[in-house]
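Everything below concerns the one structure shown next.
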Amino acid sequence: MLLSDAITFVFQSRGGLREKLQTARGYERDARQFCLFIHNPHVENVRLDDIERYFIEMEGVGFSRNGIQMKACALRKLFKALRRNGYVVLDPNEIPLPRKEFKETRVATDEQINEVRAVFVQSPQKHCRLRNIAVLLLLRDTGMRVGELRALNLKDVDLVNKRALIKTEKSRGMKPIRPVFWYDECNEALKEWIEERDRFLRKRGITEDALFVISHRDKGVARIGQSAVGIAFRKASWTAGVPTLNPHSLRHRKGHLLSKEGANNSIISSVLGHSSLASSYIYTMMNDRELEEMARQYGNEQ
């Protein structure tokens, strides 16, 4: 079987793969990049030397160690799934997994948020303008994941109490549903968006459960996608001339603010919907500037 066919079998036909669809798509993309590099041989002929050469080439053209690690994970998943299905292929455990480099968490700043919002405000399309502002403020106030935001339905939203119940995206079964909360500014933005959303749908004679909808040239009106949120934020950041506002950095901002206000790991994990307390540790770790301030405040004996 050709490597390209093996990739299709594992990541599209779900042959022995247990990951979520979105994760599988990322793995498939990484595996096909390797397939292109190695000129699509029979999967039984792929050797460890081929993969090591691929990683060396990637490092040579500037890929980070973390980026290479992601490619290695994808190839491990591919060959593990093939072995489970009886194919004689290389041992996935032999594929080298580079040690991950530590990088300080990217936290959205007030300047980024304000500048990106200012760009959204200038949008000539009312539908896009009100939707993007509501998305920005909801992510800022709640710290929810983009996948959780796109899964929201109109019936989930309580504008009176400024809260919603959402399905925790990475729940391991302990607490699959959690409440999220927002503030007055976000609530007003949501009201404006919902009014525009309803008008937009009525005009087209469409009913839709999703809170946030988008109009596709080919698909028509549909639930907003994760990539659409990221693209909107990225384009607005470029227009504003600020470092790119990553939607996930708004989540980090929420966790960081909770930590600064004295919230412990348990509270942070509950608010952000972590499946493990360990995931909240990154927010209770001070950045360099904060560490210096505390060290000088409590370490001055003069």
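Against the empirical 2.2 N^0.38 Å (N residues), region 226-279 has a Cα radius of gyration ratio of 1.39.
Of the cross-linked pairs 203/235; 100/155; 219/254, those separated by over 32 Å at the C-alpha level are 100/155; 219/254.
Rounded to the nearest 0.05, what FRET efficiency do residue 183 and residue 231 have when you use their Cβ-Cβ distance and R0 = 35 Å?
Details: r = 26 Å, r/R0 = 0.75.
So the FRET efficiency works out to roughly 0.85.
In this calculation the C-beta distance from residue 13 to residue 42 is compared with R0 = 30 Å, giving a FRET efficiency of 0.95.
Using only alpha carbon pairs under 8 Å that are at least six residues apart, calculate the relative contact order of region 188-257 and give it in whole percent.
Numbers: 35 pairs, mean separation 10.7, N = 70.
Result for region 188-257 is 15 percent.
The modelled label-to-label distance between residue 206 and residue 110, using points 7 Å beyond Cα along the C-beta direction, is 3.8 nm.
In this simple spin-label approximation, residue 49 and residue 215 carry label points 7 Å from Cα along the Cα→Cβ vector, and these lie 5.8 nm apart.
So what's the projected area for region 30-171, the Cα convex hull averaged over all directions, in nm²?
Working: hull surface 54.7 nm².
Average projection, Cα convex hull of region 30-171: 13.7 nm².
Between residue 57 and residue 88, full extension at 0.36 nm per residue minus the direct alpha carbon distance yields a gain of 8.5 nm. Alpha-carbon geometry of region 31-113: the Rg and the Dmax are 16.0, 54 Å, given in that order.
None of the figures in this text is laboratory data; all of them are computed from the coordinates on show. Quick caveat: nothing in here was measured; it's all calculated off a predicted structure. Cβ: placed from backbone, ideal geometry, glycine included. Neighbour counts: every protein chain shown.
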